[in-house]
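Enquirer: One structure, pasted below without further comment.
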């Protein structure tokens, strides 16, 4: 298998034409061989990124911008493993990684949580058997607390300051223990958390209260692989799924100004309800009164075929990758 | 159809050694045995596909370079001999990095075609199909460019050779496809047919491009030594405007030939060609053309161009003089260029059915017995003869990968051009080729996902093939397993779902990931496995005296109902929790229910009864009389049912336990009778 980690340039912003269209395709700047499947990755800082591998290894790559090369900066081998660290085939896939420079947290199929520091050779802390099932994703709740989701449908909060190897809180779905695959926290309001499940359901949780989600939104027809709040505009949420669709969830007040029968050419839109609301105090995500809330949901992919595995969003740009070995860049997200 | 001739694995000598082979999911292992061949019987290794895939441009050497060689010293029989193991793999091409774009993009086009509306009839449907064909071709061209880039930028000469070969093969594929598009998909009629063929030739005969560029970019083109060659090229390809433009340069440089030039220019300008619109009928065109032809004839016979041999030869070409055209063989480079030029200047209103005769004679005249036709020539000839099946068959033989024939045949099938040419094992040609192509994809660790969609669109055998292939995909990560499962679930392949979930659950169990194992059995609704997992938990508890993975057992939720054993596990844990919270009456009730409702397995009753002991020994009476009688009954059931069970007789601990229980139960009964008999407050 020839897996590579690559850096692409999506072109300059200055290249926009008259209508703001983007000219030219993303082109490859540099790449480097990677052992095993890339399960997750995140930028650590401007130059370094952390990559999680299906072999259980976590690697920091550095991008040298002067000569456009990538090099492996640091590696933690067998960060995730089954049973015995020394057996050759004992590696377990590392399924999720999240960074808060210089701290790096990883989770894996072995149910283990690792806390690394970018400059230290050994793990700062390891919680063995943190979970009896696979941990699918991790994200920071606060600088000292993390959220994990697992394959028996539980959302757990871990306090890294405490030495005990138990989660400080466990949340779970009411009905069947459907595995949760992804988690993201609202950028500004830290008590709002979104998770995506194997049945394509989007769940919004308020972790200040209760152990069950605030709202369950029937979304995709298959596994939801990733969910992301827009980092600077958190009234927008993006989810992508195995069913090949990528949905844009819009709870901003602008959405309510449009007449309800408007059909955006080429996009399919669905509306949850119809009236306007003053949303300044309570976040639209937590409001579970359907008559008061309006949410616009758009599928951003016109001809869907294979799974959309991953997405990321920053400013007006959205990038996503599919199983058809294609990367798409949308630079006019809010036009 | 036996479209692939038998192949022998290179490097193997079947006449010297007996061979054995074993099938793998995507490969065949061929191994030389120690045994010499006895007698001169025919080689058993001459088996047909999928024994070997031809490596493009390298004859049969490809597989040997990929074979695993390992020496095994012989045992016993005399001199030690080394045996080799060959890994023979089909479809090497799917591992070529630069072709992946071809496979992925064409998959998208294929899916679009399958989903496209069949209700569109006539012209709009045809236009749609032509667009699909053009899309396929543009993907081939894009891939060609990538391959060319790779060839130019690589420093490894072997790789460079490989890439260059592939560029030429892709180019040939596009050539054939383009012709098929013109003749079959678009089914161009007389008139437009010639225009399409002209475009086709202009697009694909590019050997002369550099010469053209050179002349055009020089300071005074008419002085260039290749000037007349370029003019001839333009005339041969019917590019009249460009030819006239160049000639005007010559005329201005050479005023003496101004008269000749004017006449020639005029002839070229007036030449009637089929129009793209419907502005003239064929008969009109023929009439005009006849007049024009006669006019050219007159000028030639008058000796107008006698003083300039170049112009005279051009006039002869305009008249369709075969010898004159043949003189420019090097400028045309191929017989099909010659064919189109001939048609342009002698039969511009050629009908599709007439093509075959002109094609055959063109090839004969052009090759002139010096060289024999190559496979590409035969394929094109078959196309001109409208022998679609022949085209597909020849392409299957020559190309080492099913991509081309599978997609082309599918397109032709959508054009309703292939009769259901039933092959002896039942499916038609389109399905056969798609099955072969998709099967090839399945041996790739990542392209198999494309193969799934192809199987979906093979009505007869697609599902069976999919069922067989999908179980053999290596499931290295959970995410991959989930993708495979989703595919199976969407197609109601329940057997495969169960089997995959079992595999993943067993793996999880071996790695002591009990929660994962449970998660997989819930997905498959596999009660038996859930029971297995629960037994594992219970075993752990009995051995260690405490539960592992409490986060799982405490949070089972409705999945508890999947299996009785699992329900018991959940309830049992609940009992422990109640006990820990000192809610003794509830705990007692639960414990009793577990036994009386037969939720607990018989093997566990002893443990449960032992758990009841501390409750019986409490200061406060917990079990009511009823409950105590029940407990006693349970104990008697347990001991009475197996009087000769060794466990009870040999094990002192067990007998002691039973005695203690009996004592405790009796004492509790006594106390509770007294308590219940006492009137409160007296």
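Just so it is clear, none of the values below were taken in a lab; they were calculated from the coordinates. Just so you know, these numbers come straight off a predicted model, no measurement behind them. Heads up, the Cβs are rebuilt from the backbone with ideal geometry, glycines too, and the neighbour counts pull from every protein chain shown.
Enquirer: Express in nm, to one decimal, how much length is gained between residue A:142 and residue A:27 on full extension, taking 0.36 nm for each residue of separation and deducting their alpha carbon distance.
Expert: 37.8 nm
Enquirer: Could I have the simple spin-label model distance between residue B:670 and residue B:323, label points 7 Å from Cα toward Cβ, reported in nm to one decimal?
Expert: Between residue B:670 and residue B:323, the simple spin-label model gives 13.7 nm.
Enquirer: Please report how far the C-alpha centroid of region B:244-273 lies from that of region A:101-115, rounded to the nearest whole angstrom.
Expert: Centre-to-centre (Cα) distance: 80 Å.
Enquirer: A follow-up question, please. Can you tell me how much longer the chain between residue A:233 and residue A:77 gets when fully stretched, taken as 0.36 nm per residue apart minus their C-alpha distance, in nm with one decimal?
Expert: Residue separation times 0.36 nm, minus the Cα-Cα distance, leaves 52.4 nm.
Enquirer: In whole percent, what relative contact order does region B:200-350 give with Cα contacts below 8 Å and a gap of six or more residues?
Expert: 26 percent
Enquirer: Quick one: compute a quarter of the convex hull surface over the Cα atoms of region A:95-194 and quote it in nm².
Expert: 6.2 nm²
Enquirer: Rank these for me by crowding, A:94, B:458, going from fewest to most other beta carbons within 10 Å.
Expert: The order, fewest Cβ neighbours first, is B:458, A:94.
Enquirer: Evaluate peptide B:96-105: per residue, the Cβ atoms of other protein chains within 10 Å of its Cβ; return the mean as an integer.
Expert: 2
Enquirer: Along the Cα→Cβ direction, 7 angstrom out, place labels at residue B:446 and residue B:495. What is the inter-label distance in nm?
Expert: 3.2 nm
Enquirer: Further, regarding this structure: How well do other chains shield peptide A:132-142, expressed as the mean number of their Cβ atoms within 10 Å of each residue Cβ?
Expert: 4
Enquirer: I need B:283, A:106 ordered by Cβ neighbour count within 10 Å, fewest first.
Expert: B:283, A:106
Enquirer: Another question, then. Using only the Cα atoms, work out Rg/Rh for region B:122-174, with Rh taken as the Kirkwood radius, to two decimals.
Expert: Radius of gyration relative to Kirkwood radius: 1.23.
Enquirer: For residue B:218 and residue A:67, what is the calculated FRET efficiency with R₀ set at 41 Å and r taken between the beta-carbons, to the nearest 0.05?
Expert: It comes to 0.50.
Enquirer: Averaged over A:149-158, how many beta carbons belonging to a partner chain fall within 10 Å of each residue's beta carbon?
Expert: For this peptide, the per-residue mean of nearby foreign Cβ atoms is 4.
Enquirer: Which log10 I(q)/I(0) values does region B:236-353 give at q = 0.19, 0.21 Å⁻¹ under the Debye formula, counting every alpha carbon as one identical point scatterer?
Expert: The computed values of log10 I(q)/I(0) come out as -1.11, -1.30.
Enquirer: Students often check this: by mean Cβ neighbours within 10 Å, which of B:248-255, B:266-273, B:188-195, B:339-346 ranks highest, and how do the rest follow?
Expert: B:339-346, B:188-195, B:266-273, B:248-255
Enquirer: Please work out the FRET efficiency for the pair residue B:333 and residue B:550, using the Cβ-Cβ distance as r and a Förster radius of 45 Å; give the result to the nearest 0.05.
Expert: 0.05
Enquirer: Percentage of Cα-Cα pair distances in region B:311-448 greater than 22 Å, rounded to whole percent?
Expert: 52 percent
Enquirer: Follow-up. Say each of residue A:43 and residue B:619 gets a label point 7 Å from the Cα, pointing the same way as Cα to Cβ; how far apart are those two points in nm?
Expert: Result: 6.8 nm between the two label points.
Enquirer: A follow-up question, please. Just order A:112-119, B:467-474 by mean Cβ neighbour count inside 10 Å, highest at the front, would you?
Expert: Result, highest mean first: A:112-119, B:467-474.
Enquirer: Give the calculated FRET efficiency between residue B:114 and residue B:142 to the nearest 0.05, with a Förster radius of 22 Å applied to their Cβ-Cβ distance.
Expert: 0.50
Enquirer: May I pose another question? Based on the Kirkwood radius over alpha-carbon pairs, what is the Stokes-Einstein translational diffusion coefficient of region B:475-581 at 4 °C with 1.567 mPa s viscosity, in µm²/s?
Expert: Roughly 90 µm²/s, to the nearest whole number.
Enquirer: At a threshold of 8 angstrom on Cα-Cα distance, excluding pairs fewer than six apart, so keeping six or more, what relative contact order does region B:475-581 reach in percent?
Expert: Relative contact order comes out at 18 percent.
Enquirer: Quote to one decimal, in nm, the extra length available between residue B:211 and residue B:128 on full extension: 0.36 nm per residue of separation minus the C-alpha distance between them.
Expert: So the chain would gain 26.1 nm between residue B:211 and residue B:128.
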